[in-house]
1. Between 0 and 90 degrees, rounded to the nearest ten: what's the tilt of helix B:42-52 against the longest Cα principal axis of chain B?
2. For the stretch A:76-104, which residues drop by 40 square angstrom or more in accessible area between the chain on its own and all protein chains together (1.4 Å probe)?
3. If I stretch the segment between A:ILE51 and A:ASN72 completely, what's the gain in nm (0.36 nm per residue apart, minus their alpha carbon distance), one decimal?
4. Total Å² of accessible surface buried at the A-B contact, 1.4 Å probe, nearest 100?
5. Per residue, how many Å² of accessible area does the protein assembly as shown show with a 1.4 Å probe?
6. Obtain the nm distance between the two label points defined at A:GLU37 and A:MET1 by a simple spin-label model: each point lies 7 Å from its Cα along the Cα-to-C-beta direction.
7. Sorted by average packing, counted as other Cβ atoms within 10 angstrom per residue and highest first, what order do A:137-144, A:101-108 take?
8. Given points 7 Å out from each Cα along the Cα-Cβ axis, report the B:TYR22 to A:LEU23 separation in nanometres with one decimal.
Amino acid sequence: MSVKGKKRVFVILAIMLYCIGLLLLLSRQINRIAELEISNTAITWMGIVGIICTLLTMVCVIRLLTIMVQTNVELNISEQDERNMMIRGKAAEYTLTILSILMLMLEGVLIVMGQSVAAFLIAITFMLGIIAQMFLIRHFDKMN
Amino acid sequence: MKNKVEELRKEKNLSQEEFSNYMKVSRQTIISIEKERYNPSLDLAFRIADFFQRRIEDIFIRGGER
């Protein structure tokens, strides 16, 4: 398949999966508005499939961007450029700090609002992120 | 770190864009190197030196004067 064909396939796939995923994720609201009387179990499964579709959309988008970068010389140079990599690394470092602060603030708001389950889930996600960062630091330290 | 990249590039009548294509880096990187705002990696410094057929220390001057 040609490069143009591959790009087209991934674009169509991404749009389709996104629409299906969004529809499935909104199934509870659609059920309530349209009074379709879909069971809670079915709605839960639809939600799970919706999440999978959303994740697959992201995979399609990443694949599409990879193909675009590989086939476009200028984009390829820009992606591999050492100064750009350094800038992206620094920006990611600061973004992590800002996101951490924002998540902690959100958690405070959720606790005050009495949404303990949501606050707990955010705390778990936050901790998983920190553990992932520690592993990555160790991994890159060993590599270099 | 001071450098003579701009001077050597102009001697060869190359634009920043053309030079960046030879070096396989972005034009912004070449601009930053010439303005002495960015120090290239060892690999890039060697490639620049090879391109101009000079030694690295003749092109990149640590601290002090040119």
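1. For helix B:42-52, the angle is close to 70 degrees.
2. A:ILE77, A:ASP81, A:GLU82, A:ARG83
3. 4.4 nm
4. When A and B are taken together, about 700 Å² of accessible area is lost.
5. Accessible area per residue: 74 Å².
6. 4.3 nm
7. A:101-108, A:137-144
8. Once both label points are built, they end up 5.7 nm from each other.
The values are calculated or read from the model by the stated rules, or taken from the named source; none is laboratory data. This structure is a prediction, so every number in the text was calculated from the model and none was measured. Every residue, glycine among them, receives a Cβ derived from its backbone with ideal geometry; neighbour counts consider all protein chains shown. Surface accessibility is based on the protein's heavy atoms, side chains included, excluding ligands, DNA and RNA. Shrake-Rupley method; radii C 1.70, N 1.55, O 1.52, S 1.80 Å.
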